[in-house]
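Notes follow once the structure below has been shown.
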Amino acid sequence: MKKALVPAAFAACCVPLLWFAVQAATSGLGANPVEELLNDLGYTAFVLLALTLACTPLQTVAGWNWPIRIRKLLGDFCFFYACLHMLTYVVIDQGLDFKAVATDVLKHKFIFLGMATWLLLLPLAVTSTRGWQRRLGFRRWKRLHRLVYLVGGLASFHFLLRFKTPRVETIAWMGVICVLLLVRAVAAVRRRAGMVQSP
Amino acid sequence: MRWSEVTPRSLYVRRREFLKLGAGSALALSLPAFARAKVEHGPKLAGVTANPNYALAEEKKNSFEDITTYNNFYELGSDKSDPSENAGKLQTRPWTVSVEGEVGKPRKWDIEEILKSFPIEERVYRLRCVEAWSMVIPWDGFPLADFLKKHDPTSRAKYVAFESAVQPQMPGVKGYAGIPFPYLEGLRIDEAMHPLSLLVVGLYGEALPNQDGAPIRLVVPWKYGFKSAKSIVKIRLQESQPPTTWNQYGGGAEYGFYANVNPDVDHPRWSQARERRIGELLRRKTLMFNGYSEVASLYAGLDLRKFY
């Protein structure tokens with residue numbers, strides 16, 4: 001059972017990709033498949049980001065240790081889908097028109113936030129290995145990986161701006177990210193106050 | 001441990017429900033519709049003649065399926081696939097359109113009278129959505145000018161306001177949709193009287209599908225699609241510029257009153273320089289006034305960057 005956790009999580013993370021492939025092949029992506037694919041990939045990346053951010057609070061609050069064992073995997077898959085999302089935007093949506101992409105990024109905060117989110121994920125994905133953890137030293141590595149909190153905030157705003165009007169579901173997701181960050185903040189304050197031993 | 005620290009069972013059970021609900025909706029949200037809503041065809045319209053001046057032969061028309069499954073119609077839901085899935089929630093009979101305000105002959109029309117009173121022609125128009133996608137659509141309708149002239153507009157009729165239907169069973173009008181209802185649109189009188197402005201009652205020679213704004217809608221092809229109000233119940237001629245939904249919403253931040261298709265004026269969140277024609281992979285250049293340069297004279301002397 002314990003051994004199956006990581007492979008099972010890996011398989012689950014592959015399901016959206018297979019699903020989108022089947023849909024693309026059966027014109028299930030609708031009249032505007034590029035837009036649909038962009039939305040689906042971005043949404044998948046966002047959900048994986050939320051799941052990644054949920055691992056530590058689950059340990060803090062529920063005392064579960066198993067989510068920590070798949071945290072790296074979830075984070076890596078979040079980056080994987082974020083890459084596909086970004087590449088779909090640059091390659092298909094913008095047709096590799098780099099001038100248009102640059103203008104878009106600089107002029108529109110919706111696109112800027114999306115690109116900033118991806119750029120911040122990049123160093124986290126690169127240094128997500130044990131080797132990099134050792135090379136940086138755990139303290140510095142940990143400090144670097146706190147960037148993921150910022151990623152959570154930026155991604156939420158990017159998601160919010162996707163729609164003409166703020167939607168209930170995007171606001172709900174912002175709430176989820178807020179709660180996950182808040183749990184950490186409370187735990188940090190309590191740790192500092194010496195009420196709870198650091199795990 | 002004290003009893004007060006124990007989570008009450010009711011809350012505990014609800015927590016489970018909440019988690020289940022969360023997981024369920026996350027799953028539902030991540031599963032885009034596998035198959036598109038089945039396309040339903042309406043009755044054929046009688047006596048439609050194609051207007052050769054608006055045949056747009058150089059453009060490839062979008063399929064009936066594209067035009068009827070990819071819609072923006074917030075009253076029927078805010079996702080592109082919602083309007084076709086909820087099309088049955090719009091009741092199109094009985095239907096009246098009232099014309100009021102600065103007119104010599106105000107009138108309440110029954111939709112059947114309208115259909116009998118105006119010769120219906122087919123016109124193929126480009127439609128450019130503010131969201132940077134576009135289609136080519138064969139509409140069936142008649143000039144808005146012909147309709148308005150029947151009511152003898154007075155000299156004080158400077159603007160025309162359009163109001164769309166709100167019916168309590170429409171899923172989008174219940175609760176929070178982000179915009180207020182009824183949906184309001186408006187044109188300047190010279191824009192409304194322009195021969196391109198059309199009142200539409202059909203599509204591909206068939207009665208207009210509900211998701212496309214049945215039974216009667218506006219089509220103004222040189223403006224972004226949201227200007228072309230759907231399912232119209234009221235047309236009011238007036239002296240002052242009417243408030244419009246997307247202009248009013250967010251303190252006018254979303255879009256201006258004119259909303260002419262203009263590749264040089266960006267949307268707050270994206271560029272309008274290019275668009276994706278539905279059915280094509282790569283974007284094409286957006287044309288000024290959506291390619292309808294004959295309307296340019298309406299805006300002589302108007303700064304289109306300011307009045308966008």
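Numerical summary
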item: Unmet criterion (only one of (1) under 14 Å from the mean Cα position of the chain (by Cα); (2) within 28 Å of B:K89 (Cα to Cα); (3) crowded, with 23+ Cβ neighbours inside 10 Å) for B:L184; result: (3)
item: Checklist (1) open to solvent by 50 Å² or more (accessible area, probe 1.4 Å); (2) in contact with a helix residue (DSSP H, G or I) (Cβ under 8 Å, 6 or more places away or on another chain); (3) within 22 Å of A:V34 (Cα to Cα); (4) among the hydroxyl-bearing types (S, T, Y) applied to A:Y149, failing item; result: (3)
item: Residue list for the range B:268-308, filter: within 14 Å of chain A (Cβ to nearest Cβ) and either at pLDDT below 90 or closer than 18 Å to B:G256 by Cβ (or both); result: B:P268, B:R269, B:W270, B:S271, B:Q272, B:A273, B:T286
item: Close pairs (8 angstrom Cβ cut-off, 6 or more residues apart or separate chains): under 18 Å from A:V179 (Cβ atoms) and modelled with pLDDT of 95 or more in the range A:135-155, among the polar types (S, T, N, Q) and open to solvent by less than 30 Å² (accessible area, probe 1.4 Å) anywhere; result: A:V148/A:T52; A:V151/A:T117; A:L154/A:T117; A:A155/A:T117
item: Residue in the range A:61-76 that is acidic (D, E), open to solvent by 20 Å² or more (accessible area, probe 1.4 Å) and part of a helix (DSSP H, G or I) present; result: yes
item: Long-range neighbours under 9 Å by Cβ, at least six apart or interchain, first residue of a type in the set (V, I, T) within the range A:12-25, second part of a helix (DSSP H, G or I) and open to solvent by less than 40 Å² (accessible area, probe 1.4 Å); result: none
item: Residues satisfying the stated conditions in the range B:189-239, i.e. open to solvent by 10 Å² or more (accessible area, probe 1.4 Å), of a type outside the set (A, V, I, L, M) and farther than 22 Å from B:P83 by Cβ; result: B:D190, B:H194, B:P195, B:R236, B:Q238, B:E239
item: Among (1) more than 30 Å from B:F73 (Cβ to Cβ); (2) open to solvent by less than 30 Å² (accessible area, probe 1.4 Å) - the single one A:I111 does not satisfy; result: (1)
item: Within the range B:143-156, considering residues that are surrounded by fewer than 21 Cβ atoms within 10 Å (Cβ to Cβ) and within 24 Å of the chain's Cα centre (by Cα), the one farthest from B:A46 (Cα to Cα); result: B:K149
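Residue-by-condition table, conditions (1) within 11 Å of chain B (Cβ to nearest Cβ); (2) touching a helix residue (DSSP H, G or I) at 6+ places or on another chain (Cβ under 9 Å):
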position: A:L5; (1), (2): no, yes
position: A:V15; (1), (2): yes, no
position: A:A21; (1), (2): no, no
position: A:A31; (1), (2): yes, yes
position: A:E36; (1), (2): yes, yes
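Residue-by-condition table, conditions (1) within 20 Å of the chain's Cα centre (by Cα); (2) assigned to a helix (DSSP H, G or I); (3) within 14 Å of chain A (Cβ to nearest Cβ):
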| site | (1), (2), (3) |
| --- | --- |
| B:A57 | no, no, no |
| B:D66 | yes, yes, yes |
| B:S78 | yes, no, yes |
| B:K105 | no, no, no |
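The values are calculated or read from the model by the stated rules, or taken from the named source; none is laboratory data. These numbers were taken from a predicted model, which means no experiment stands behind them. Here Cβ is always computed from backbone atoms with ideal geometry, including for glycine, and neighbour counts include all displayed protein chains. Only protein heavy atoms, including side chains, enter the accessible area calculation; ligands, DNA and RNA are left aside. Shrake-Rupley method; radii C 1.70, N 1.55, O 1.52, S 1.80 Å.
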